[in-house]
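The next block holds one structure in the form of structure tokens; read it before the comments.
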Amino acid sequence: MSAAADHDASEWRDLNHAWWDERAPIHVESLFYRSGGGGLEDFEREDIGPVDGLSVVHPQCHIGTDMISLAKGGASTVGMDFSAAAIEGAARLAEHNGVGERTEWLVSDVYDSTAAVGGREFDLVYTGMGALCWLPDMDRWAAQMWALCRPGGHLYISEFHPMQDQLHDDDTRFERSYFPTGGDLFDEPGSYADKEATTAENVIVDFIHPVSEVVTALLAVGFVLRLFREFPFTAYARWPWLEEREEGLWYMPDDRPDIPLMYSLLLDRPS
Ligand SMILES: C[S@@+](CC[C@H](N)C(=O)[O-])C[C@H]1O[C@@H](n2cnc3c(N)ncnc32)[C@H](O)[C@@H]1O
């Protein structure tokens, strides 16, 4: 019987927290992150535009690679994550990259973000790239994103498309509903960033969120949608048969139909 069968989805926070705490130090040392994985992609820079002089906050920042990219572009950044190990790694990487003074790092659950920053509001809230699948409740999440964003500011999300999450790890069989299930348990030994890593905390709870659910939650709190893009590529080579046609971006091979593999959203908080 799989280890996941011994658990249920209500344990999502403890299981996911243990999974990430164990992976964070592995990721700091991994070739995946050291060779640029986790940094901002060109399509994200295009969507966001120049960040020089902006204040930016990143809930679920993991080991800080996105914030380090934005700090290098001249932003003042705050990265938050519920994994203390991830935040410790982020602070070390920021120093190593010479942007320590432009970055602040806080340990916080995403649902406590506004309290963690003491009610501060930011020009840009940045999130995504494997963030939403860890969260059970999009309405509570959207309320936090709204409170982090200053009036006249923006929220940017780039995410793996839920359609990609529906598909089996080994091939393109559909194994999950597109629509919310309340959380699915998986055994996930090792790591996407280091396939050889030996790990003990291997059970996760993953939540699928249709794009309509994400957008509806954000519109309901008051955001205005400015940009919505879907992409035929992914920043993570989930299947070995994907083709890397641009550096760090993988596409369906010619003999398979394209499906949306990622999407991005830019929203305004009206003044
Ligand atoms: C895939 S990473 C985020 C993407 C980032 N761009 C990256 O690839 O480095 C997901 C992060 O979400 C964090 N996380 C998951 N659930 C969380 C929660 N409830 N509150 C805060 N952080 C959470 C994990 O610790 C992990 O660092």
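Per residue and in cubic angstrom, what volume does the convex hull of the Cα atoms of the stretch 20-60 have? Don't skip to the answer; put the middle values down first.
On the way: hull volume 4.3 nm³, N = 41.
Taking only Cα atoms, the stretch 20-60 has a hull volume of 106 Å³ per residue.
Compute the orientation-averaged projected area for the stretch 131-176 from the convex hull of its Cα atoms and round it to one decimal in nm². Please report the intermediate quantities before stating the final value.
Details: hull surface 16.3 nm².
Spelled out: convex hull of the Cα atoms, projected over all directions, averaged, 4.1 nm².
Run the Debye formula on the Cα coordinates of the stretch 51-95, all scatterers equal and no solvent, and tell me log10 I(q)/I(0) at q = 0.20, 0.29 1/Å.
One equal scatterer on each Cα of the stretch 51-95 leads to -0.53, -0.98.
By DSSP, what percent of the beta bridges with both residues in the stretch 3-268 are antiparallel, rounded to the nearest 5? Display every interim value, and only then the final one.
Details: 25 of 43 bridges.
Counting DSSP beta bridges with both partners in the stretch 3-268, the antiparallel share is about 60 percent.
By how many nm would the segment from ASP258 to ARG45 lengthen if fully extended, with 0.36 nm per residue of separation less the alpha-carbon distance?
Details: separation 213, 0.36 × 213 = 76.68 nm, distance 2.37 nm.
Fully extending the segment from ASP258 to ARG45 adds 74.3 nm.
log₁₀ I(q)/I(0) of the stretch 114-271 at q = 0.08, 0.13 Å⁻¹, via Debye over equal Cα point scatterers, no solvent, to two decimals?
Values, matching the q order: -0.27, -0.70.
Under the Kirkwood approximation applied to all pairs of distinct alpha-carbon atoms, what is the hydrodynamic radius of the chain in Å?
On the way: mean 1/r = 0.0528 Å⁻¹.
Mean inverse Cα-Cα distance, inverted, gives 19.0 Å.
Return the ratio Rg/(2.2 N^0.38 Å) for the stretch 83-169, where Rg is computed over Cα atoms only. Don't jump to the answer; show the numbers that get you there.
On the way: Rg = 14.8 Å, N = 87, 2.2 N^0.38 = 12.0 Å.
Dividing the Cα radius of gyration by 2.2 N^0.38 Å gives 1.23.
Could you list the trypsin sites (Lys or Arg not before Pro) in the stretch 168-246 that lie in coil according to DSSP, counting only those with at most 10 other Cβ atoms within 10 Å of their Cβ?
Details: sites: ARG173, ARG176, LYS195, ARG226, ARG229, ARG238, ARG245; in loops: ARG173, ARG176, LYS195, ARG238.
Filter output for the stretch 168-246: ARG173, LYS195.
When the Kirkwood hydrodynamic radius is evaluated over all pairs of different C-alpha atoms of the stretch 1-146, what value in angstrom, to one decimal, is obtained?
Values: mean 1/r = 0.0633 Å⁻¹.
The Cα-based Kirkwood calculation yields 15.8 Å.
Taking Cα centroids, how far is the stretch 194-240 from the stretch 143-182 in Å?
Computed from Cα coordinates, the inter-centre distance equals 3 Å.
Can you list residues from other chains, or at least 5 along the same chain, whose modelled amide H is less than 5 Å from the amide H of MET129?
SER158, GLU159, PHE160
PHE179 to GLU230: FRET efficiency via 1/(1 + (r/R0)^6), r the Cβ-Cβ distance, R0 25 Å, to the nearest 0.05?
Values: r = 18 Å, r/R0 = 0.71.
That pair, PHE179 with GLU230, gives E of 0.90.
What is the antiparallel percent of DSSP beta bridges lying wholly in the stretch 86-221, to the nearest 5?
Working: 6 of 12 bridges.
If I count the DSSP bridges inside the stretch 86-221, around 50 percent turn out antiparallel.
Any idea what the relative contact order of the stretch 162-271 is, in percent, if you count C-alpha pairs under 8 Å spaced at least 6 apart? Present the calculation step by step, with values, prior to reporting the outcome.
Numbers: 157 pairs, mean separation 27.2, N = 110.
Taking the mean separation of contacting Cα pairs over the length of the stretch 162-271, I get 25 percent.
Read-outs throughout are calculated quantities, based only on the coordinates presented, and are distinct from any laboratory measurement. Just so it is clear, the structure is predicted and the values come from calculations on it, not from any experiment. Positions of Cβ are backbone-derived with ideal geometry, glycine not excepted, and every protein chain shown enters the neighbour counts.
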